[in-house]
1. Do we have any residue at all in the range 249-263 that's more than 22 Å from LEU145 (Cα to Cα) and of a type in the set (Gly, Ala, Ser)?
2. Picking from LEU285, LEU257, which residue would you name as being in contact with a Cys (Cβ under 9 Å, 6 or more places away or on another chain) and in a helix (DSSP H, G or I)?
3. Looking only at the range 246-263, decide whether some residue is assigned by TED's automatic domain parsing to the domain that holds GLY140, over 27 Å from the mean Cα position of the chain (by Cα) and not β-branched (Val, Ile, Thr).
4. Taking the options GLY183, GLY140, name whichever one is over 12 Å from the mean Cα position of the chain (by Cα) and within 10 Å of ligand 1 (Cβ to nearest atom).
5. Take residues that are in contact with a strand residue (DSSP E or B) (Cβ under 7 Å, 6 or more places away or on another chain) and within 21 Å of ARG324 (Cβ to Cβ) and tell me which of the helices (runs of 4 or more DSSP H) falling wholly in the range 1-114 contain 1 or more.
Amino acid sequence: MSEPLILGIESSCDETGVGIVRGRTLLANEVASSVEEHVRFGGVVPEVASRAHLQAIVPALERAAATADVDLADVDAIAVTAGPGLMGALVVGLASAKALAAYLNKPLYGINHLVGHVAVDLLDHGELPMPSLALLVSGGHTSLLHVRDIATDITELGSTIDDAAGEAYDKVARILGLPYPGGPVIDKAAQEGDPTAIRFPRGLTARHDMEKHRFDFSFSGLKTSVARWVEQRRLDGLDVPVNDVAASFQEAVCDVLTAKTVDAATHLGVGTILLGGGVAANSRLRTLLEERANAVGIELRRPHPGLCTDNGAMIAAVGSEVVRAGLAPSPLTISAHPGLPV
Ligand code: KG4
Ligand code: ZN
């Protein structure tokens, strides 16, 4: 049988994504983001996101079909994000996928968004050595996943107990008076700052925390610590050294993320770490993780930045793996699961 042609639809947060893959080959990846509409609110507003998905989905489907030079009637299956994500946002993608599946008489597969962040790397680098460890870091999630089989066997080893890493970047940017989304601006400011200027706390690394939360993360204490430090400077009538705060905050985030990830990889005995999600675009995170992983003989893989942020190709990539594995399609009655676990 030739490689399956899969349509993937993603709408869990503020990106409307439509991707088309054949097997592990990327044919189209159209993304319409509503991020600009959320800027003045300093974060994603669910209702604004849902409305934007409604407006963007059909044009994105048309553009993807044109780019891939594919007639949607020729796809072998339709894959769509079923969760986790924002309820109102998820239902737009699901309703569109169900309508297409019913009209074109194609099998429908409800896909876990987090698995998409793992599978998307296959499009860039091919077969992922098994088992692997994935570190997913974005505005909505921060998780360590033990990947034994992309289609059938992924378990969560740990995750954040409060804020996601990207959320911490966004909140700290706000404290510093920088625009949303905060990740890219802090990343840039940090390059001009001294990462050792301020010693911010590393969450869940104290000995008593490590017993229960060895592979979990916490960023809310760090954010509060940055807020207090900045507030004290202002009370003292001193300038806030934005670049130094950004660099020191970033160092705290990247130090914990990389230390725990390499610890988990060594604990599991895996030879490969996969880095995914929007925060994977961070320059310091990538360099430090590569350095620490390579030091213990572990290889680091990261899809190119355009595939790290939310998109439809990552959902199509999972679709391709589940079709290949012969898994049963989902019923057309499948519903959205905002808190869907891996
Ligand atoms: O994966 P993504 O596009 O959407 C979610 O599923 O959340 O990730 C967006 C998050 C935002 O919080 C943004 O601030 C962060 O990724 N981000 C970064 C960088 N680029 C984006 N964080 C740190 N450094 C970056 N260069
Ligand atoms: Zn995501």
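1. If we filter the range 249-263 for residues that are more than 22 Å from LEU145 (Cα to Cα), which is where we start, we get 249-251.
Pick out the ones that are also of a type in the set (Gly, Ala, Ser) and you get none.
For the range 249-263, residues more than 22 Å from LEU145 (Cα to Cα) and of a type in the set (Gly, Ala, Ser): absent.
2. Only one candidate passes the filter, namely LEU285.
3. Scanning the range 246-263, I find no residue that is assigned by TED's automatic domain parsing to the domain that holds GLY140, over 27 Å from the mean Cα position of the chain (by Cα) and not β-branched (Val, Ile, Thr), so the answer is no.
4. GLY183
5. 46-68, 87-104
To keep it simple, each residue is scored yes or no on (1) surrounded by fewer than 18 Cβ atoms within 10 Å (Cβ to Cβ); (2) at pLDDT 95 or above.
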site	(1), (2)
VAL120	no, yes
PRO131	yes, yes
SER138	no, no
THR142	no, yes
ALA151	yes, yes
THR155	yes, yes
LYS171	no, yes
ARG174	yes, yes
PRO181	no, no
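Here's the yes/no breakdown for (1) of a type in the set (D, E, K, R); (2) buried (at least 17 other Cβ atoms within 10 Å of the Cβ):
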site	(1), (2)
GLY237	no, no
VAL240	no, no
ASP255	yes, yes
THR258	no, yes
THR266	no, no
GLY271	no, no
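The values are calculated or read from the model by the stated rules, or taken from the named source; none is laboratory data. Note that this is a predicted model, so its numbers are computed, not measured. Neighbour counts are summed over all protein chains in view; Cβ atoms, including those assigned to glycine, are modelled from backbone coordinates with ideal geometry.
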